[in-house]
1. So which aspartates and glutamates can Lys56 reach, going by Cα to Cα under 15 Å and dropping same-chain residues fewer than 8 places off?
2. How large is the direction-averaged shadow of the alpha-carbon convex hull of region 202-312, in nm²?
3. Using r as the Cβ-Cβ distance of Ile116 and Asp311, and R0 as 30 Å, what FRET efficiency do you calculate, to the nearest 0.05?
4. Would you kindly work out the equivalent ellipsoid of region 291-359 from its C-alpha gyration tensor and give its semi-axes, the square roots of five times the eigenvalues, largest first in whole Å?
5. Quick check: Cα centre of region 166-185 to Cα centre of region 195-247, how many Å?
6. For Lys73 and Asn269, calculate 0.36 nm times their separation in residues minus their Cα-Cα distance, and state this gained length in nm to one decimal.
7. Can you give me the solvent accessible area of Ser81 with a 1.4 Å probe, rounded to the nearest 10 Å²?
8. Treat region 3-84 as a sphere of radius equal to its Kirkwood radius over Cα pairs and apply Stokes-Einstein at 4 °C in a medium of 1.567 mPa s; give the translational diffusion coefficient in µm²/s, rounded to a whole number.
Amino acid sequence: MDFNELWKAALGEIELQISKANFKTWLQNTTIADKKGGVVTIAVPNGFTKEWLQNKYHKFILRSLRNLESDVKEVIYQISSQNQNKEPVKDKKSDKEESLTIKKQLDFVELNVDVITNLNPRYTFDNFVVGSFNELAHAAALAVTQNLGRKYNPLFIYGGTGLGKTHLIQAIGNFVKNESTNKKIKYITSERFASDFINTVRSGSLKQSEMDDFKRRWREIDLLIIDDVQFFGGKEKTQEEFFHTFNILHNAGKQIILSSDRPPKSIQNLEERLRSRFEGGMIADITYPDLETRIAILKTKAGERSFQASDEIFEYIAQNIKKNVRELEGALNRLIIHYRLNQKELIIGEVKKSLNSIINTPKKATNLKSIIKTVAEFYDISEKELIERSRKKEVVKPRQIAMYLLREELKSSFPFIGTKIGGRDHTTAIHACEKIKNKIESDSNLNDEINLIKEKLYLI
Ligand code: ADP
Ligand code: MG
């Protein structure tokens, strides 16, 4: 077989194993450039495609080539300008620039959550856009950094999903961390706090020292940031423990910062004494950004990723996505992917088409079954493998993603997620959801992957 025939036959096999959309997106415009000593070189149009093929489809490609010619040992990917789209290309990046961009992305991936503080370094004041919707919360956050434990204590920030609560409270943590190395800072979600506590209680019944250790760990902190405290609702034992921790820290003049999706008085099943503690400092809400601010946010985010587009395009997105900064970012990410794949200047018509599914389609109802099916299909594993209790390496990530989607898209409870996927308890589910959530922040490939899965979930 010559290269052409070999690749055609291999693609024929690969096509059967992955979705049509993925096949079209990642494998069209690829060719075999060389085959020597068992090493096949695949030419790809850009660095982005190279990354994807390497990270996600390598196994399929290698397997199908091997099935056809048993001497194939290795596959490598090479960016080739000949494989780029045929349309006239404006503002095309050279291969060198392209690989620089990819390198930047990889560096970014390595920028990870700090293991001691749990803070993600990407959340800073510098990249937090301030508008009237979050002015008060922002001012209070700044004031706290200047008067740690002395001014607004606790600082309680509340507001709807995707409006910047986590960003802002972590920005405080990162600021303090960079200012003074001797301060003990801890960021944690209320759910993680609860599960750590429960685990300690369980083992603590055997060993008192573990419980003491738990208490000591939490009570020696200078700045404690607890995210999403609405989830303390209904957890009586955890509330009790947290109440004591809170008092000890507060009395010692240590700073406490809390976030929630609603004000303290609306948190169901929260002990009265804890509620009054939450209300005892400063409460600031975050509302919805106005059009100007939404445009400013988009431009800031685009700038961070060296992406340019016309004002018309930014305005179009901002006019259509109003209630969630995370969704604004999602729309922008989609345009960036679109742009990288096509390497053409974006025009508004294409933007509308590309964002159509986010903006105009009402979300199709999804459920446990469709999430399992879609994730299994996406990663080419069987549904059974995905939900079974096993430690097979290749199913770990898909399983975590399925758990994450159940949580984010269906608001399923952690015990439910644990039993339905992997037959595990709630702590495994919490861990999986947090891991994916944190990883998405720094790993743009994973973010894109999950966006594609969501698209499948809601579109077809
Ligand atoms: P929440 O915790 O309120 O659900 P997040 O803090 O996770 O929201 O914000 C969602 C996304 O939107 C994050 O990527 C965050 O960086 C971004 N974001 C939210 N508000 C702002 C803002 N004012 N400026 C810049 N980015 C923001
Ligand atoms: Mg949050």
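1. Filter leaves Glu15, Glu377, Asp380, Glu394, Asp443, Asp448, Glu449.
2. 10.6
3. 0.10
4. 17, 13, 11
5. Measuring centre to centre over Cα atoms gives 21 Å.
6. Contour length minus Cα-Cα distance gives 64.5 nm.
7. Probe radius 1.4 Å; accessible area of Ser81 about 80 Å².
8. Roughly 104 µm²/s, to the nearest whole number.
The values are calculated or read from the model by the stated rules, or taken from the named source; none is laboratory data. These figures come from a predicted structure and were not determined experimentally. FYI the Cβ positions are ideal-geometry reconstructions off the backbone, even for glycines, and counts take in every protein chain you see. Remember, those area values only see protein heavy atoms, side chains included, never the ligands or the DNA or RNA. Shrake-Rupley method; radii C 1.70, N 1.55, O 1.52, S 1.80 Å.
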